[in-house]
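Comments concern the structure below.
The values are calculated or read from the model by the stated rules, or taken from the named source; none is laboratory data. What you see is a predicted model; the values in this text were computed from it and never measured. In this analysis, Cβ positions are derived from the backbone assuming ideal geometry, glycine residues included, and neighbour counts consider all displayed protein chains.
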Amino acid sequence: MPHHDVLVVGGGTGNNVAAAAADAGLDTALVENGPLGGTCLNRGCNPSKMLIQAATAANHVRDADRFFLDASLEDVDYAAIIDDMDETLSPLAAGIEDRYRRKEHLTMYKDEAVFVDERTVEVGGERVSADKVVVAAGSRPLVPPIDGLDEVDYITSTEALYQREQPDSLVILGGGYIAVELGYFFESLGTDVTIVEMMDSLVPREDPDVAEAFTDIASERHEVYTGYRATRVEEDGDGVVVHAEAENGDTVAVRGEDVLVALGRRPNTDTLDVAAAGIETDDRGFVVTDDRLQTSAEGVWAQGDIADNAMFKHSGDYETQVTVENVVHGGDAAADFTAMPHAIFTEPQMAGVGETEAELEEAGTEYVVGREDLPGTPMGRAKKLDHGFVKMLASPDGEILGCHMLGYEASTMIHEVVVAMRAGSGHVSDITDTIHAHPTLNKVVQYAFEDVSL
């Protein structure tokens with residue numbers, strides 16, 4: 001049985017742990033059945049953002065007349081958009097694997113891994129063990145047991161990103177960030193989109209003001225049913241009908257050529273059989289870790305989606321730093337997820353960091369609010385923006401508790417608040433005392449922070 005110093009299961013952010021271990025001279029094994037780079041590079045944020053750029057470009061052409069420019073969108077070569085994305089990203093994953101196969105001290109196993117004992121997996125009929133194991137096997141789309149769903153040809157985000165034929169109409173089950181990003185993409189390129197979400201708004205984890213505002217915007221683009229749970233799915237000729245029901249008993253039936261299931265993601269702990277290695281999971285199947293990212297099993301760490309500390313690529317990258325320090329260098333680094341930002345790449349974008357107003361109210365935390373609308377700022381006027389705002393939440397003595405925004409390039413604007421909360425004093429004055437170049441988009445952040453009464 002091959003035995004290594006370090007065994008990494010999962011080639012997403014885990015591949016960087018494996019590379020660091022090998023570079024440190026440790027005999028390292030990396031197990032990954034698919035392309036290296038994980039969900040983000042191959043089935044998630046990288047491909048989706050490339051497609052969304054095409055959608056936004058199409059909308060810019062449609063909006064050209066607002067700037068007195070005569071332009072029209074004559075055609076969309078949908079297959080070419082998909083092919084360009086695939087041809088751009090696929091070589092990146094292949095390049096990572098080629099480099100790793102030539103890396104000294106690193107052994108690649110291209111197969112599924114299943115735990116069979118403590119720090120021991122079976123890979124392609126062969127048992128492989130190690131002194132230290134890092135579980136970084138990610139997650140996959142969650143497909144709940146909806147009546148009739150298994151009898152139709154539904155798609156998940158994995159298939160939606162790569163199918164070369166554009167559907168004329170699409171029903172999306174779910175209203176989270178994956179659902180609304182893909183809804184924006186498909187609708188912008190000409191697909192009629194219907195979204196069915198069980199909560200009272202789309203993106204329900206966002207601050208309530210952001211979620212409400214975006215739901216209104218999305219309802220102008222799509223047919224949106226919030227407060228409805230999908231109960232049954234059935235074929236209807238060359239399409240699919242989704243039946244949904246509200247809590248008050250009201251029902252709707254919506255039809256689409258395809259149905260996209262975007263109801264969240266589930267960890268891959270079941271396919272790994274982590275229990276065989278003594279690795280504890282929570283009631284949703286995620287690996288339980290401490291602040292050192294150690295699991296309940298001795299000599300085993302976990303990171304990324306499978307550990308659910310924060311299911312973002314950037315949080316996985318941060319966890320990699322902690323794991324490398326502790327596993328490779330024998331350190332005692334603790335993970336600190338303070339001020340973990342997130343962004344949603346619709347148009348307008350959404351972004352946030354820290355607590356939402358709903359979370360503060362539920363916790364009974366005293367807070368004050370500052371707010372500024374984006375369209376009324378100098379750059380908002382220059383860009384002729386119709387939507388957007390920045391909302392900040394602070395304690396009465398000025399500690400920044402959270403900041404949430406909707407608007408053009410919100411994913412970029414959020415970062416000065418992240419820096420203030422994580423690397424600055426964390427006080428409102430970190431923003432208000434900063435000189436902001438005029439008339440940049442980020443002036444709206446300054447104005448929102450100046451609006452708070454302390």
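Condition first: touching a Gly at 6+ places or on another chain (Cβ under 7 Å) and outside any loop (DSSP other than H, G, I, E, B). Can you find one or more residues in segment 141-153 that meet it?
Scanning segment 141-153 turns up no residue that is touching a Gly at 6+ places or on another chain (Cβ under 7 Å) and outside any loop (DSSP other than H, G, I, E, B).
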**Complete:** Every listed condition ((1) part of a loop (DSSP other than H, G, I, E, B); (2) buried (at least 20 other Cβ atoms within 10 Å of the Cβ); (3) out of contact with any Ser or Thr (no Cβ under 7 Å at 6 or more places or on another chain); (4) not assigned by TED's automatic domain parsing to the domain that holds residue 18) holds for residue 167 save (3)
**Message:** Take residue 353 and tell me if it is assigned by TED's automatic domain parsing to the domain that holds residue 386, under 24 Å from the mean Cα position of the chain (by Cα) and crowded, with 17+ Cβ neighbours inside 10 Å.
**Reply:** yes
**Message:** Just checking, does segment 305-324 include any residue being among the small types (Gly, Ala, Ser) and either in contact with a Pro (Cβ under 7 Å, 6 or more places away or on another chain) or more than 28 Å from residue 204 (Cβ to Cβ) (or both)?
**Reply:** no
**Message:** Between a residue in segment 1-30 that is at positive phi and any residue that is assigned to a helix (DSSP H, G or I) and surrounded by 21 or more Cβ atoms within 10 Å (Cβ to Cβ), which pairs come within a Cβ distance under 8 Å, given they are 6 or more apart or on different chains?
**Reply:** 10/38; 10/304; 10/306
**Request:** Please state which one of 376, 380, 331, 370 is part of a helix (DSSP H, G or I), farther than 24 Å from residue 45 by Cα and small (Gly, Ala, Ser).
**Result:** 380
**Prompt:** So which residues in segment 428-440 are under 19 Å from residue 454 (Cβ atoms) and touching a helix residue (DSSP H, G or I) at 6+ places or on another chain (Cβ under 8 Å)?
**Reply:** 428, 430, 431, 432, 434
**Prompt:** If you go through segment 431-454 one residue at a time, how many are assigned to a loop (DSSP other than H, G, I, E, B) and without any contact (Cβ under 8 Å) to a residue 60 or more places away in the chain?
**Reply:** 6
**Item:** Residue satisfying all of: in segment 85-123; touching a residue at least 12 places away in the same chain (Cβ under 8 Å) and under 16 Å from residue 44 (Cα atoms); surrounded by the fewest Cβ atoms within 10 Å (Cβ to Cβ) among these
**Value:** 88
**Message:** Let me spell it out: the conditions are (1) farther than 30 Å from residue 196 by Cβ; (2) touching a Pro at 6+ places or on another chain (Cβ under 7 Å); (3) hydroxyl-bearing (Ser, Thr, Tyr), and residue 120 meets all of them except one. Which number is the exception?
**Reply:** (2)
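I'd like the full set of residues that are touching a strand residue (DSSP E or B) at 6+ places or on another chain (Cβ under 8 Å) and assigned to a helix (DSSP H, G or I), limited to segment 396-430.
So the first thing to find is which residues in segment 396-430 are touching a strand residue (DSSP E or B) at 6+ places or on another chain (Cβ under 8 Å), and the list is 396, 398-411, 413-414, 417-418, 420-421, 426-428, 430.
The answer is 410, 411, 413, 417, 418, 420, 421, 430.
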**Request:** Check residue 324 against each of (1) assigned by TED's automatic domain parsing to the domain that holds residue 14; (2) in a strand (DSSP E or B) and name the one condition it does not meet.
**Result:** (2)
**Complete:** Sole miss for residue 386 among (1) over 25 Å from residue 213 (Cβ atoms); (2) free of Cβ contacts under 8 Å to residues at least 60 places away in the same chain; (3) out of contact with any strand residue (DSSP E or B) (no Cβ under 8 Å at 6 or more places or on another chain) is condition (1)
**Item:** Residues satisfying the stated conditions in segment 160-181, i.e. of a type outside the set (A, V, I, L, M) and touching a Lys or Arg at 6+ places or on another chain (Cβ under 9 Å)
**Value:** 162, 169, 176, 177, 181
**Request:** Taking residue 134 as meeting all but one of (1) within 20 Å of residue 270 (Cβ to Cβ); (2) among the β-branched types (Val, Ile, Thr); (3) not assigned by TED's automatic domain parsing to the domain that holds residue 82, write down the number of the exception.
**Result:** (3)
**Request:** May I ask you to list the residues in segment 72-84 that are touching a residue at least 12 places away in the same chain (Cβ under 8 Å) and not in a helix (DSSP H, G or I)?
**Result:** 73, 76
**Message:** Given (1) touching a residue at least 60 places away in the same chain (Cβ under 8 Å); (2) hydrophobic (A, V, I, L, M, F, W, C); (3) crowded, with 20+ Cβ neighbours inside 10 Å, identify the lone condition not met by residue 293.
**Reply:** (1)
**Residue list for segment 252-274, filter: among the aliphatic types (A, V, I, L, M) and either buried (at least 23 other Cβ atoms within 10 Å of the Cβ) or in contact (Cβ under 8 Å) with a residue 60 or more places away in the chain (or both)** = 254, 259, 260, 261, 262, 263, 272, 274
